[in-house]
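Comments concern the structure below.
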């Protein structure tokens, strides 16, 4: 069995069947669409209320995620793989533009953040994000907008990016964090002095 047949076979085994429960579909839609926004909100709260180490790790995760998305855009511009619904494969439960399927940006977001924490002292947060990443991977395939290989590709990119980028972060990360914190403290100095944020 070649990789495309394996990919399609795995997709068919995960994609929601005709007798899928409404609750499972609703849960998958929440994970696929809404978990992203909840995580963004929580990261903003962590930034405004967190310690220096918390802010440093958020900067790292943000930088690595931006780079991951740039890599994804380059891959998509050279390699277009149609989504399942474009090829009339499986069942689709959410609307999505017919842009390239590989790699999954949602999986890339969660897995890049996950490994940015796993390759740090704050590993517990990384494990939470890794669990989120696998939930997102399942949901996007279950709902018919991605293939399993889209998820595997995103995961590999996230691991390699964090592995390769770690030495650069150790060399330049502290300088970048200090610069961003100076800008942040200048813009929000009044609120920081009143103790509303840190």
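Bear in mind these aren't lab numbers, they're just calculated from the coordinates by the rules spelled out. It should be emphasised that the depicted structure is a prediction, and the values quoted were computed from it without experimental measurement. Cβ sites come from the backbone with ideal geometry, for glycine too, and all protein chains shown count toward neighbours.
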A chain fully extended from residue 3 to residue 27 at 0.36 nm per residue, minus the present Cα-Cα distance, gains in nm 5.7 nm
With springs only between Cα atoms under 10 Å, which of 127, 80, 117 fluctuates most in a Gaussian network model of the chain?
-> 80
Residue separation times 0.36 nm, minus the C-alpha to C-alpha distance between residue 159 and residue 74: what's the value?
-> 28.8 nm
Helix 148-187 axis, angle to the chain major axis (alpha carbon atoms, nearest 10°) = 20
In whole Å, how far is the Cα centre of the stretch 102-135 from that of the stretch 40-94?
-> 10
On Cα atoms only, tilt of 123-142 relative to the major axis of the chain in degrees | 30
In a Gaussian network model of the chain with springs linking alpha carbons closer than 10 Å, the residue among 89, 164, 125 that fluctuates most is 164
Taking the C-alpha atoms of the chain, how large are the radius of gyration and the largest Cα-Cα span, Dmax, in Å?
-> 18.9, 64
Under Stokes-Einstein, with the Kirkwood radius over Cα pairs standing in for Rh, what whole-number D in µm²/s applies to the stretch 65-123 at 37 °C and 0.692 mPa s?
-> 251
Would you mind checking the tilt of helix 105-118 against the longest principal axis of the Cα atoms of the chain, expressed as 0 to 90 degrees and rounded to 10?
-> 50
Highest first, please rank the peptides 91-102, 53-64 by the mean number of other Cβ atoms sitting within 10 Å of their residues.
-> 53-64, 91-102
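Return the FRET efficiency for the residue pair residue 87, residue 131: r is the Cβ-Cβ distance, R0 is 22 Å, and the value is rounded to the nearest 0.05.
0.10
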Two pseudo-spin positions, 7 Å from Cα along C-beta at residue 94 and at residue 185, lie apart in nanometres by 4.0
Compute the semi-axes of the equivalent ellipsoid of the stretch 1-40, taking the square root of 5 times each eigenvalue of the Cα gyration tensor, and list them largest first in whole Å.
-> 26, 16, 4
Does the stretch 99-198 come out rounded, prolate or oblate, given a ≥ b ≥ c as the square roots of the eigenvalues of its C-alpha gyration tensor, rounded meaning a/c under 1.5 and, failing that, prolate meaning a/b above b/c?
-> prolate
Of the residues 135, 179, 108, which exhibits the maximal mean-square fluctuation in a Gaussian network model of the chain defined by a 10 Å Cα contact cut-off?
-> 179
